[in-house]
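Single-structure report; data block below.
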Amino acid sequence: MPNVSLPAYETATARGRTHPIVVGFSVRSLAEAVVALGYSPVAVDHFTDHDCRELSLEAYQIVSWGDGTPQIDELVRQFGARSDNAARTPVLLGGGTENWPELIEELHRNFKVLGPTLAQVKQLRSHDFWRVAVDGTGILFPETRMEPPVIANNGNCLVDPSKSWLTKPIHGAGGLAIGRLDNQISARRASEWGGSSPPQVYQREIVGRSLGGHCILTPDDVLLLGLTESWSAAHWPGPREFIYRGSWGPISISAQQREQIVSLCRKVQSATGCLGWLQFDFIEDSSGQLWLLEINPRWTAGMEILFLAGINPVQFHCAAWQMQNEPAVGIKTPGTTTQATVDQSLSTASLNAKAIVYADRPLQLTRDNLLRLQALPRDNFADLPSIEMAGQVIATGHPLLTVRACFESAPTFRRRLTTQARASLLQQLHQHRQTAIRSVDL
């Protein structure tokens with residue numbers, strides 16, 4: 001798919017109203033949240049999906065995400081040439097940006113990035129930082145090693161049999177490259193992995209439900225916007241055991257867990273000086289203990305659940321950056337009646353869910369089935385492939401689109417209906433998945 005030019009950008013900025021730039025591997029949900037505040041974003045991502053283009057003033061595709069600097073140079077050149085106020089143009093960071101340091105540096109050099117500097121990203125994405133950050137909060141961090149946890153045995157290296165171990169990439173996202181460590185590893189292979197810069201880390205598996213804690217760091221305090229739960233392999237099909245499948249929420253947690261997360265937020269704020277949104281990935285084990293897995297200082301997939309429930313993380317993020325003082329942007333500060341905490345999110349918002357439909361076989365895209373997909377209702381179907389995808393094949397295990405669902409109930413009954421709500425949301429999502437697959441197969 002060719003790059004999309006940006007002819008309207010200069011005209012828009014010349015009117016004195018800056019249009020935020022949203023950058024990430026897939027930014028449709030972030031663009032949707034920006035549009036809900038009355039702004040037309042410029043979208044920069046790998047897919048330029050049909051509905052992302054509909055939402056955006058303009059869309060620009062980065063064909064080879066994370067690969068070299070020429071694409072970044074071209075991006076900066078196009079934006080910079082069309083605006084006399086590029087340094088004040090706000091940039092919101094989405095998924096995948098944390099793994100592309102050259103992109104972060106160039107964006108900070110040329111625009112007003114409402115997000116961490118490269119130095120802050122490196123700190124926030126460090127396993128050593130995560131281990132230290134939980135100290136004194138009541139949250140734990142799983143045993144993590146840079147070398148394989150092995151025991152020598154007759155010339156072979158056996159994985160420590162007393163624990164289940166996972167391999168995780170140093171720079172990864174979406175759980176795509178997470179796997180289980182083999183039971184037996186050759187001594188030579190273990191030696192190769194034991195270098196000073198291994199491509200992955202080895203972490204003890206914590207069994208439980210996967211949670212996302214969505215927070216805002218302000219200059220003066222922290223806000224806990226809400227918690228979401230990710231679907232597991234038992235709930236939703238996917239090509240890999242630990243790949244991100246989707247989420248639902250906002251979910252309830254205990255007062256103690258809420259206090260622990262807020263304490264962790266404050267430690268991160270004090271140590272890094274960061275502003276705006278963070279997502280903490282947790283595992284909650286069978287005893288209710290929270291284990292921190294990682295920190296993401298950007299818009300995350302789970303934040304779409306809060307947005308659908310009536311809590312717009314973009315609004316809180318921009319307010320934390322005090323963008324209400326920028327006349328060219330003028331994002332309104334959330335009022336006291338919408339200051340979101342976990343309890344308030346559950347009492348004022350519906351329960352929502354999303355799931356990624358991965359191809360379970362090669363799916364041939366044609367103009368006709370693409371038009372059928374694009375005609376599906378936007379409340380339930382998102383990340384729709386663009387018409388330029390006609391003639392291409394969605395390979396087995398690759399994403400086709402996203403499906404969404406909603407569960408409405410009286411706020412006073414919502415906590416009692418958690419099991420019923422989750423079952424209803426899953427049923428709706430599976431029905432929407434079948435609709436999407438039929439639209440391709442017709």
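Say we look at the range 281-300 and pick out the residues that are more than 18 Å from Gln120 (Cβ to Cβ) and among the hydroxyl-bearing types (Ser, Thr, Tyr); which of these is surrounded by the fewest Cβ atoms within 10 Å (Cβ to Cβ)?
Taking the candidates together, the pick is Ser287.
Tell me which of these Ala234 doesn't satisfy, since it passes every other one: (1) without any contact (Cβ under 8 Å) to a residue 60 or more places away in the chain; (2) within 27 Å of Leu93 (Cα to Cα).
(2)
Restricting to the range 383-408, count the residues that are under 18 Å from the mean Cα position of the chain (by Cα) and assigned to a strand (DSSP E or B).
Residues in the range 383-408 being under 18 Å from the mean Cα position of the chain (by Cα) and assigned to a strand (DSSP E or B): 6 in total.
Condition check: touching a strand residue (DSSP E or B) at 6+ places or on another chain (Cβ under 9 Å) and aliphatic (A, V, I, L, M). Does Ala390 satisfy that?
Taking the combined requirement at face value, the residue does not satisfy it.
Results for (1) buried (at least 21 other Cβ atoms within 10 Å of the Cβ); (2) modelled with pLDDT of 95 or more; (3) in contact with a His (Cβ under 7 Å, 6 or more places away or on another chain); (4) not acidic (Asp, Glu), shown as yes or no for each residue.
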| position | (1), (2), (3), (4) |
| --- | --- |
| Glu326 | no, no, no, no |
| Gly335 | no, no, no, yes |
| Thr338 | no, no, no, yes |
| Val342 | yes, no, no, yes |
| Lys354 | yes, yes, no, yes |
| Leu363 | no, yes, no, yes |
| Asp368 | no, yes, no, no |
| Ala375 | no, yes, no, yes |
| Asp379 | no, yes, no, no |
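Can you find a residue in the range 179-198 that is more than 21 Å from the chain's Cα centre (by Cα), among the β-branched types (Val, Ile, Thr) and at pLDDT below 80?
Yes, the range 179-198 has at least one match.
With (1) more than 20 Å from Met303 (Cβ to Cβ); (2) in contact with a helix residue (DSSP H, G or I) (Cβ under 8 Å, 6 or more places away or on another chain); (3) touching a residue at least 40 places away in the same chain (Cβ under 8 Å) as the list, and Arg367 as the residue in question, which single condition is left unmet?
(3)
Of the residues Phe316, Phe307, only one is more than 15 Å from the chain's Cα centre (by Cα), touching a residue at least 60 places away in the same chain (Cβ under 8 Å) and part of a helix (DSSP H, G or I); which?
Being more than 15 Å from the chain's Cα centre (by Cα), touching a residue at least 60 places away in the same chain (Cβ under 8 Å) and part of a helix (DSSP H, G or I) holds for just one of Phe316, Phe307, which is Phe316.
Here's the yes/no breakdown for (1) within 30 Å of Leu371 (Cα to Cα); (2) in contact with a His (Cβ under 7 Å, 6 or more places away or on another chain); (3) free of Cβ contacts under 8 Å to residues at least 60 places away in the same chain:
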site: His46; (1), (2), (3): yes, no, yes
site: Leu75; (1), (2), (3): yes, no, yes
site: Leu118; (1), (2), (3): no, no, yes
site: Val121; (1), (2), (3): no, no, no
site: Arg125; (1), (2), (3): no, no, no
site: Arg131; (1), (2), (3): no, no, yes
site: Ile139; (1), (2), (3): no, no, no
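Specify which of the listed residues (Ile283, Ile251) is more than 21 Å from Gly175 (Cα to Cα), among the β-branched types (Val, Ile, Thr) and either in contact with a Ser or Thr (Cβ under 8 Å, 6 or more places away or on another chain) or at pLDDT below 95 (or both).
Ile251
Being of a type in the set (D, E, K, R) and at pLDDT below 95, is that true of even one residue in the range 390-413?
Yes: one or more hits.
Does Ala31 satisfy the criteria of being more than 19 Å from Met323 (Cα to Cα), among the aliphatic types (A, V, I, L, M) and modelled with pLDDT of 90 or more?
Here the answer is no, as Ala31 does not meet what is asked.
Report those strands (runs of 3 or more DSSP E) wholly inside the range 29-130 carrying at least 2 residues which are crowded, with 23+ Cβ neighbours inside 10 Å and within 17 Å of the chain's Cα centre (by Cα).
Per the criteria, 42-45, 90-93.
Does the range 72-90 contain any residue that is in contact with a Phe, Trp or Tyr (Cβ under 9 Å, 6 or more places away or on another chain), under 30 Å from Val207 (Cβ atoms), among the polar types (S, T, N, Q) and at pLDDT 85 or above?
Looking through the range 72-90, none of the residues is in contact with a Phe, Trp or Tyr (Cβ under 9 Å, 6 or more places away or on another chain), under 30 Å from Val207 (Cβ atoms), among the polar types (S, T, N, Q) and at pLDDT 85 or above.
The values are calculated or read from the model by the stated rules, or taken from the named source; none is laboratory data. As the structure is a computational prediction, the values presented were derived from the model and not from experiment. Positions of Cβ are backbone-derived with ideal geometry, glycine not excepted, and every protein chain shown enters the neighbour counts.
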